[in-house]
Amino acid sequence: MAVASGFATTISGAKMETLLSLNSSSYSTSSVSFVLPQDMRVSCKPPRNNYRRRVLLNNKGGGVRCEVSTASNDVALAAEIDPARVSSMSALEQLKTSAVDRYTKERASIVVIGLSIHTAPVEMREKLAIPEAEWPRAIGELCGLNHIEEAAVLSTCNRMEIYVVALSQHRGVKEVTEWMSKTSGVPVSEICEHRFLLYNNDATQHLFEVSAGLDSLVLGEGQILAQVKQVVKVGQGVVGFGRNISGLFKHAITVGKRVRTETNIAAGAVSVSSAAVELALMKLPESSHASARMLVIGAGKMGKLVIKHLVAKGCTKMVVVNRTGDRVAAIREELKDVEIIYKPFPDMLTCAAEADVVFTSTSSETLLFVRDDVKDLPPVGSEVGGSRLFVDISVPRNVGSCVSDLENVRVYNVDDLKEVVAANKEDRLRKAMEAQAIINEESKQFEAWRDSLETVPTIKKLRAYAERIRLAELEKCLSKMGDDISKKTRRAVDDLSRGIVNKLLHGPMQHLRCDGSDSRTLSETLENMHALNRMFSLETEVAVLEQKIRAKQSQK
């Protein structure tokens, strides 16, 4: 289990709405901790910004204890209580006030809850996989949770990751995990055993690394960038695929393109489909590469790539099984020098009986090959090693694990492709370091953009406040000037009032912007924002957060 958390709270067991209304009469204090079995690995990403993480490892008693906390919240807790009011407040009232301030002033967080080929076996990932057609529904259900504002789903053969903007990190993660359990039937405890959690800048960096191909089984593979693009395409117009999440994924696409353009990371790198072909050829005797009988089941994106990579390796004849012949005909038209024989799905077992290597890459949610289907297939010749190979790159899997128990049959799935990508480690590491420098730079730019969003509500409210005053004073002025003034004079007075307001607001607006274009820090900008909120009695962010959570509660 990988734990990457920068959030901890000393208030637990209290509902958010209770904290906001200050009507709770009892609180319990505890720190966030994780007690894990002795044989489980615990890893924490290096802390960023002002987070302090304490990791206490203790093997006594057969368990490992990991405690995580933040330094910034401890300071904020002490700073938020007005000393002038302390003497007139009871201890309980002080606790309530500090709890509300500490909770409601927490910035909405970008969180990723995910399982990947690095943390979970294919058996777990296939249960949690969400088909692309279901992404909009999943986004809607996730945003219906109490503490989730925005959401996106990235579900591929190697990963199932949910990105959300959470009003509370702890409650948001809990709600999403329970939702994943409910929709998949996998117990929460099993999901927690294999999931990873990343917050804010860690989550941003992770998605940028995914888009750049750094987190892929095959370093630099290009298919994942297309899948990230598809998240944005599917999310367009979906309520819940909001400004923060859409901005994150669009920036990730930019990062993926830049990394591939400015580094040599894609040179020699292969996709999962190419790795599958490489694996099959590694398992066959070299003398049989040109003569081995190849069968590809499925002519979608992955299947088409398998066919192309087989051709690139010298294969000139293969059988392709697909539900319809249209896609196979299009591939045949594209690869005119290759003999591609189309067969419909009912002929699948007959084709498998005549094949030495079977590649499966369909979206079928049921197994295509089980033990009873394969046990009666005729044996293959000794010239291809005497064993029929099944290379299954589908998630969910198309070939049952029980098939591998048969003699003279070998089954490989996406988790077995690691063997193919074990070479040239040093070269890949150098390319990854070049890519990481770009990702770090782009992460700072994205964080600066997101930081700038913090002050957008105040900018809008200040402009609206100034505009209300301008219009009221303009009306007074025009009424004193009488009804016989010309349109030209009226327009000149209106332009004069607008010019005065714009010039007066220019300075404050400049000090509310934090987009990385100058040396002003986020803390300075937020101080300016809070000062303007106080001076002009603008609505505070605490009230905004309270409204958001109350609105979600009222929808239940």
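The values are calculated or read from the model by the stated rules, or taken from the named source; none is laboratory data. All values reported here derive from a predicted model rather than from experimental measurement. Here Cβ is always computed from backbone atoms with ideal geometry, including for glycine, and neighbour counts include all displayed protein chains. Remember, those area values only see protein heavy atoms, side chains included, never the ligands or the DNA or RNA. Shrake-Rupley method; radii C 1.70, N 1.55, O 1.52, S 1.80 Å.
Criterion applied to Ala275, Ala290, Ala312, Ala299 was being free of Cβ contacts under 8 Å to residues at least 40 places away in the same chain, small (Gly, Ala, Ser) and within 13 Å of Ser361 (Cβ to Cβ), and the one residue passing it is Ala299.
Considering region 448-483, the residues that are open to solvent by 70 Å² or more (accessible area, probe 1.4 Å) and acidic (Asp, Glu) include one that is modelled with the lowest pLDDT, namely Asp483.
Selection of region 276-291 for residues being within 13 Å of Phe390 (Cα to Cα) and either touching a Pro at 6+ places or on another chain (Cβ under 8 Å) or part of a loop (DSSP other than H, G, I, E, B) (or both) yields only Leu284. The set of residues from region 273-306 being within 15 Å of Lys317 (Cα to Cα), polar (S, T, N, Q) and open to solvent by 10 Å² or more (accessible area, probe 1.4 Å) comprises just one member, Ser291. Thr263 fulfils the conditions (1) open to solvent by less than 20 Å² (accessible area, probe 1.4 Å); (2) within 20 Å of the chain's Cα centre (by Cα); (3) of a type outside the set (D, E, K, R); (4) farther than 15 Å from Leu154 by Cα except for a single criterion, (2). Considering only residues in region 216-227 that are open to solvent by less than 30 Å² (accessible area, probe 1.4 Å) and either under 21 Å from Ala166 (Cβ atoms) or in a loop (DSSP other than H, G, I, E, B) (or both), the one that is modelled with the highest pLDDT turns out to be Ser216. Only one of the numbered conditions (1) under 30 Å from Leu167 (Cβ atoms); (2) open to solvent by 30 Å² or more (accessible area, probe 1.4 Å) is not met by Phe249, and that is (2). Candidates in region 503-520 are the residues that are open to solvent by 80 Å² or more (accessible area, probe 1.4 Å) and modelled with pLDDT of 80 or more; of these, the one that is nearest to the chain's Cα centre (by Cα) is His506. Taken as a whole, the structure leaves Asn264 outside the set of residues that are over 19 Å from Asp337 (Cα atoms) and touching a Pro at 6+ places or on another chain (Cβ under 8 Å). Selection of first residues in region 380-406 that are over 24 Å from Val122 (Cα atoms) and of second residues that are of a type in the set (Lys, Arg) and open to solvent by 20 Å² or more (accessible area, probe 1.4 Å), restricted to Cβ pairs under 6 Å at least 6 apart or on distinct chains, gives an empty result.
If I filter region 320-333 for residues that are open to solvent by 60 Å² or more (accessible area, probe 1.4 Å), within 21 Å of Val391 (Cα to Cα), of a type outside the set (D, E, K, R) and modelled with pLDDT of 90 or more, do I get at least one hit? Checked against the condition, which is being open to solvent by 60 Å² or more (accessible area, probe 1.4 Å), within 21 Å of Val391 (Cα to Cα), of a type outside the set (D, E, K, R) and modelled with pLDDT of 90 or more, region 320-333 yields no hits at all.
Under 30 Å from Met160 (Cα atoms) and open to solvent by less than 50 Å² (accessible area, probe 1.4 Å), is that true of Gly381? Here the answer is no, as Gly381 does not meet what is asked.
All of (1) part of a loop (DSSP other than H, G, I, E, B); (2) closer than 19 Å to Val272 by Cα; (3) among the hydrophobic types (A, V, I, L, M, F, W, C) hold for Ala355 with one exception: (2). Taking region 343-358 as the range and being without any contact (Cβ under 8 Å) to a residue 24 or more places away in the chain and either within 18 Å of Gly400 (Cβ to Cβ) or open to solvent by 70 Å² or more (accessible area, probe 1.4 Å) (or both) as the test, the residues that pass are Pro346, Thr350. The helices (runs of 4 or more DSSP H) falling completely within region 114-212 that include 1 or more residues that are of a type in the set (S, T, N, Q), open to solvent by 10 Å² or more (accessible area, probe 1.4 Å) and touching a Gly at 6+ places or on another chain (Cβ under 8 Å) map to 200-212. For the criterion of being surrounded by 13 or more Cβ atoms within 10 Å (Cβ to Cβ), at pLDDT 90 or above and not in a helix (DSSP H, G or I), Arg410 passes. Could you tell me whether any residue of region 427-447 is of a type in the set (Phe, Trp, Tyr), under 30 Å from Ser537 (Cα atoms) and modelled with pLDDT under 90? Within region 427-447 (the criterion being of a type in the set (Phe, Trp, Tyr), under 30 Å from Ser537 (Cα atoms) and modelled with pLDDT under 90), the answer is no, since none of the residues qualifies.
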